[in-house]
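Below is one structure, written out as structure tokens; the observations come after it.
Bear in mind that the values in this text are calculations on the coordinates, not laboratory data. Quick caveat, the model's predicted, so the values are computed rather than measured. Reconstructed Cβ throughout: ideal geometry from the backbone, glycine too, with neighbour counts over all protein chains shown.
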Amino acid sequence: MKIFLICSTLSTLFLSTSSYASDVQLKKSMAELYININDTLPIVVNKKSFEDPKNKKIIATRMNQLKHLAKAMTKENKRFADSDPSISFITERFEEDIQYAIDMWNTGDRIISRKIMRNATDYCISCHTRTGRGAMFSHLNQPKGFASLPKVDRAEYYLATRQYDQAIELYEKILMDGILAKQDPTTWIQSIKKLLSVTIRVKHHASLTLEMISRIQERPDAHSDKFAPMIAAWRKSTQEWAAQEATKPGSKTDDTQQLSLASIASEVIQGENLEKSLSGAGLVHFLKASNNIHKLLSKTPKINQSADILLLAGRAASHLTELNLGLLHEVYFEQCVIATGSLSDRKECFAQLEAAYLKNFGVDGKSKLPLYLQNRINQLQEKLTSTKK
């Protein structure tokens, strides 16, 4: 499902907006890719099918098609990117990772290859849930067999393709799904977090967020020792947010205060303080901070090369990895290392980046990372040590 989502979303990104797809051949190739991925979805989703030798040729073909699409995305990113540097980071990293997936496939490492491909949706959602800005794709044809997919997969598709109202509606149904909550509580709570990511980052709506949290707390499944304290922390943070909004003149449109670096830092620190005593408790603060970071980066182009804002961006994103935003903290920390500004900020970003790589691959030393990441770390370390300030 993951690989299908990324391909269909990236394809329709070009197909849907004429200014992004003026080249006839590019539009044709995107349409062909969309159709081909629809046809091969069952192979990609099923582990046995993916590793079945008889499917080797068709999978190799599809992966190479995705590689060419990734190259097109990198080449064209300036045509749809705003001043937020995450667009360029994500498209470039997407191309790198797809190439690595192909390399792993060619060397026979099907497990790593499939993991990368299935996680490719992260790139879509990382871009499409930064804020509510950007093209909407409500007119898209639903993929083949869409109605028979689980609610969670359908909701993620809507999220990846910016169909936010449909996503909220479906996530509300997931919220009420007692069977899912009992049989797969991890997926259930992650879906709730994604719902809040839409109400906070996209809608920027305190009262709607509070309404959703109230509905969550009405569910018996939310009363467990595992979830109840965390959800209570979300409620308290959202109540404070709603109170602040109520005292602001023109609360929905006047966001000057929220876009100051100091206020963003305050949100990140509040979230980190909550996390010290309870994992997941700082969610509302991190979502608010990341939303305002993207707005600030977009409104103030020169700031996107400043280590202090990139460090805050990475710190906030590092706590949002469960929401398919896992890529962002790495790319922000990486860009921070080579940015202008405080050397101490840049050193902290380097340390955070190396730790993130080690955690992601479950290893305890740089030498155990994939070679391409070892090389990336060495290059960044050289740049860090070669600058005085």
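Above 23 angstrom, tally the Cα pairs of region 151-247 and express them as a % of all pairs, no decimals. The answer is 23 percent, as a whole percent.
Here region 189-208 is scanned for amide nitrogen atoms under 20 Å from the site 7 Å beyond the Cα of Ala232 along Cα-to-Cβ, giving 189, 193.
Just the ratio, please: alpha-carbon radius of gyration of region 254-389 over 2.2 N^0.38 Å, N its number of residues. Before the final figure, lay out the partial values.
Working: Rg = 15.1 Å, N = 136, 2.2 N^0.38 = 14.2 Å.
Compactness ratio reported: 1.06.
With +1 assigned to the C-beta of every Lys and Arg and -1 to the C-beta of every Asp and Glu, and no other charges, what is the dipole magnitude of region 151-247 about the Cα centre in debye, to the nearest 20? Walk me through the numbers on the way to the answer.
On the way: 14 positive and 13 negative charges, 28 e Å.
Result for region 151-247 is approximately 140 debye, rounded to the nearest 20.
Using a Förster radius of 41 Å, what is the FRET efficiency between Lys151 and Leu384 based on their Cβ-Cβ separation? Nearest 0.05, please.
Details: r = 46 Å, r/R0 = 1.11.
The calculated FRET efficiency here is 0.35.
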